[in-house]
1. Need one number: nm distance between label points at A:Arg375 and A:Ile164, each 7 Å from Cα along Cα→Cβ, rounded to one decimal.
2. With springs only between Cα atoms under 10 Å apart, run a GNM on chain B and tell me which of B:Leu121, B:Leu189, B:Leu246 wobbles the most.
3. Tell me which lysines have Cα within less than 25 Å of A:Lys376's Cα, excluding those fewer than 8 residues away on the same chain?
4. So, R0 is 35 Å and r is the distance between the beta-carbons of B:Val81 and B:Arg147; what FRET efficiency does that work out to, to 0.05?
5. Per residue of the stretch A:94-111, what does 6.51 cos²θ - 1.76 cosθ + 1.60 with θ = phi - 60° give for ³J(HN,Hα)? Whole Hz please, x for Gly and Pro, Karplus curve as stated.
6. Determine, for B:Leu151, B:Leu143, the number of other Cβ atoms within 10 Å of each Cβ, and report the residues in order from fewest to most.
7. Can you give the longest stretch of chain A with no exposed loop site, where a site means GluC sites (Glu not before Pro) in a DSSP loop (not H, G, I, E or B) with at most 10 other C-beta atoms within 10 Å?
8. Along the Cα-to-Cβ line of A:Val227, 7 Å from the Cα, sits a label point; which residues in the stretch A:256-270 have backbone N less than 19 Å from it?
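Please treat every number below as a calculation from the coordinates, not as lab data. Source: prediction; values computed, not measured. Cβ coordinates were reconstructed from backbone atoms using ideal geometry, including for glycine residues, and neighbour counts include every protein chain displayed.
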Amino acid sequence: MSAKEPVERPTEAELADMSRDELLVLGGKLDGVELVEYPDPWPVKGTRAEKRAERLVAFWFALAGLAGLAFLGVFLFWPSSYKAPGGSDHFWYTLFTPMLGLTLGLSILGLGVGVLLYTRKFVPHELAIQQRNDGRSDEVDRATMVAHLADAGDRSTIARRSLIKRSAGFGMGAFGLGAGVFAIGGLVHNPWSQSESKDSLWHTGWLETNGEKVFLRRDTGDPHQVVLVSPEDLDVGSMETVFPYRESEKDDHEALSRALKRSDNPVMLIRLRTEDAQRVVKHQGQEDFNFGDYYAYTKICSHLGCPTSLYEQRTNRILCPCHQSQFDALQYAKPIFGPATRKLAQLPIEVDEETGYFYARSDFIEPVGPAFWERKS
Amino acid sequence: MTADRTSEVAAKMNRHSKFRRRTAATLAIGIALLAVGALYSLFVPEPQTAAAQQDPALVRQGEQIYNNTCISCHGANLEGVKDRGQSLVGVGEASIYFQTHTGRMPAKSQGAQIQRKPAFLSPEEIDAVTAYIVSKGGAGPTLPEERGEALRGDNPARGGELFRLNCASCHNFTGRGGALSSGKYAPALDGVSEEEIYAAMVSGPQNMPKFSDRQLTPEEKEDIIAYVKSVTDGNNNPGGNPIGGLGPQSEGLIAFIVGMAALIGVTLWIGAKS
């Protein structure tokens, strides 16, 4: 059924004579809307209550403004550089971020509350009823609409202009193909086909390039400082995280700090306690990877790649904090608990005769970290 | 009448003896207090000094204390007792300092982890035991001369870097501690003195790895201590409550609950009829 009741449309002269209220009612009627209630919230003007409401709204807006200014002041002048705890400055320093949040938060809260209060106090709460049209459109409307569309298609002559049709199809199709590449491109282009590069998943930053020795380097907190590791550095029952270093990177600050950041670089250099070292079980093919009591395992968990750097020096377990995998440092770092199924890759290490520093004889003989599609083991 | 008099005298005597008893009690308490004060001043302020000197009397005293408190687990010749205690030959001054000052030794019971408790031995007794154990030979890690705040380095930022690299995997990045395997755990670092942190780093108590002076120089260790001290003991607490210091989990939960409640409140207020 159609609920539309024909609304009498005013003539031009009538329209010119209508007041604003009448126009409002007419507009509603044309849309099938009827205003039931349209109360003025302050029927008596200038009462004290109205004045109070006005001041309340103004108060919140003013508060927002003041808090905004306070934010600017805090941002510019509050002591923001780090102060160590202990001194009296430390207290003020710790308030910097909370004050930023407090002032700007108060400002936006003031604006919000102001707007809300304004609508609640001053905008009339109208009650309107609108007729809804159910069912499909009239038969007349449907027939005329179809005719209109067909006519538009016909008059544009697209049906008989095959050159335009084909060229448009070509352009749109190629564009669609280009957009689709984003979705399926990863399945087509293999980023690991060059498996001999050190940036492939098969190798790490320890890969020897240009026949240059890769030394073991410690992180001293200063990324540009190079400190190499020698066998007398660690006490028994110690663990140290080491990173690769090449002589050619000596003055290359960027390469030096990149070596500390690269995700597959960290290696745990563990010095076992002498009595534990006698119980070590070595993996086949890795019998000479250690140097005395020193064993070097990757820090990247074979489960999902978290840093497995929780080394227990008495039980000789290496723990991964993410999913509680445990590896036994006395048995080629094989998994003994948790979800990991592969051992941690072991780095073959040796001491350089000339300098007395540790270096890696080669890269890991297997990929480090979690499984990937091409990996079979 | 005689009876009257005797009772009067008795009452007088009674009063006298009561007075005497009261004075005696007060005196006794005063003397006891003085004695305690004297003992206190004898025992407490003596600062720890490096206990490497071989004073025979001190070594003998240490041997006595050792025989009374340590021998059942560590053996008559410090050789250790199987399944009870390790050998103490060459453990070094730092290790003894850490284990006894944190009250871990003498241990209450065998278990996955020996826990911190109030120190059982007094500082003098610890000095004596240290002298005795060190006299049995074997050079272990020692403590530096400095004590207390002098052990805090002046670069806590570098200390923070080194802490996150070497310590945070077990102790959490602000020293809140964390779980290890089979019931063991890395303890939180609140309320641990500078000397104890230093001693733990060089001696590697329980399952903690050791950090030799060539791996972390003494200056680096002091920077780490400065960092630890700057984030523990309620120092890293600008919001008023650390809510566990676990980072995003607890903070996110609180923000969600508080924020959601506030949002619901505001929504109700907006929708309410005036």
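1. Rounded to a tenth, the inter-label distance reads 5.8 nm.
2. Looking only at B:Leu121, B:Leu189, B:Leu246, the largest GNM fluctuation is found for B:Leu246.
3. A:Lys198, A:Lys282, A:Lys299, A:Lys334, A:Lys343
4. Working: r = 33 Å, r/R0 = 0.95.
So, using R0 = 35 Å, E works out to roughly 0.60.
5. 5, 7, 4, 5, x, 5, 4, x, 4, 5, 5, x, 5, 4, 6, 5, x, 4
6. Working: B:Leu151 21, B:Leu143 24.
Ordered from fewest to most neighbouring Cβ atoms within 10 Å, B:Leu151, B:Leu143 come out as B:Leu151, B:Leu143.
7. Excluding the exposed sites themselves, the longest stretch runs over A:9-125.
8. A:256-261, A:266-270
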